[in-house]
1. Which condition breaks for Leu72 when tested against (1) in contact with a Phe, Trp or Tyr (Cβ under 6 Å, 6 or more places away or on another chain); (2) closer than 16 Å to Leu42 by Cα?
2. Which residues, counting only those in the stretch 37-51, are open to solvent by 20 Å² or more (accessible area, probe 1.4 Å) and within 10 Å of the chain's Cα centre (by Cα)?
3. Do you know which residues across the stretch 52-80 are in a strand (DSSP E or B) and open to solvent by 10 Å² or more (accessible area, probe 1.4 Å)?
4. List the pairs whose first member sits in the stretch 13-33 and is closer than 19 Å to Lys100 by Cβ, whose second member is open to solvent by less than 50 Å² (accessible area, probe 1.4 Å) and in a loop (DSSP other than H, G, I, E, B), and whose Cβ atoms are under 8 Å apart, counting only residues at least 6 apart or on separate chains?
5. So Ala32 clears everything in (1) open to solvent by 60 Å² or more (accessible area, probe 1.4 Å); (2) more than 15 Å from Leu106 (Cα to Cα) except one condition, right? Which one?
6. On the basis of being without any contact (Cβ under 8 Å) to a residue 12 or more places away in the chain, over 13 Å from Thr70 (Cα atoms), open to solvent by 70 Å² or more (accessible area, probe 1.4 Å) and in a helix (DSSP H, G or I), does Glu132 make the cut?
7. Output the residue which, of all residues in the stretch 3-29 that are open to solvent by less than 30 Å² (accessible area, probe 1.4 Å) and outside any loop (DSSP other than H, G, I, E, B), is farthest from Val89 (Cα to Cα).
8. What is the residue count in the stretch 81-101 for residues that are assigned to a helix (DSSP H, G or I), open to solvent by less than 10 Å² (accessible area, probe 1.4 Å) and farther than 17 Å from Gly27 by Cβ?
Amino acid sequence: MLYSEKVLDHFSNPRNVGEIENADGVGEIGNAKCGDIMKMYLKIDDDKITDVKFKTFGCGAAVATSSMATELIKGKSIDDALKLTNQAVVEALDGLPAVKIHCSVLAEQAVRAALSDYYTKQGIDPVPIVGEIKVPEEE
């Protein structure tokens, strides 16, 4: 299985690892089949994601996609973060093997889960804004 240089870099040197105390939104997504679990923490000020951290338990691709997802939404507006797709994560990593595409979907859903938690904490129903959170199936 061949990984791009970017995947290897984000796996070896993941960005934004850790947790945020008193995070404005926390989302956790797990895939029981492959054992990958991602937890995203968001700090949000004025509809901007000022900080984002993650903890991922899983394969190299799961770590790399989590890392890249945080890089893609850090400093962005909530609206921009909601537009994040697993395809954008895959492209930013210069591709992923087909059997690892589900990791990029996990990363996208973890971001959505954290945003969903953020809206819930604000007393706003997240579903119309964020959509349903889906746990991806492994290929």
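The values are calculated or read from the model by the stated rules, or taken from the named source; none is laboratory data. Predicted, not measured: the structure shown is a model, and the values here were computed from it. All Cβ positions, glycine included, derive from the backbone under ideal geometry; neighbour counts span all protein chains shown. Side chains included, ligands, DNA and RNA excluded: accessible areas come from the protein's heavy atoms. Shrake-Rupley method; radii C 1.70, N 1.55, O 1.52, S 1.80 Å.
1. Tallying (1) in contact with a Phe, Trp or Tyr (Cβ under 6 Å, 6 or more places away or on another chain); (2) closer than 16 Å to Leu42 by Cα, Leu72 fails exactly one: (1).
2. Lys39, the sole residue that qualifies.
3. If the condition is that a residue be in a strand (DSSP E or B) and open to solvent by 10 Å² or more (accessible area, probe 1.4 Å), then Lys53, Lys55, Thr56, Phe57, Ser77 are the ones that fit.
4. Asn31/Pro136
5. Going through (1) open to solvent by 60 Å² or more (accessible area, probe 1.4 Å); (2) more than 15 Å from Leu106 (Cα to Cα) one by one, Ala32 breaks only (2).
6. No: the conditions fail for Glu132.
7. Applying the filter and picking the extreme gives Gly25.
8. Residues meeting the conditions: 0.
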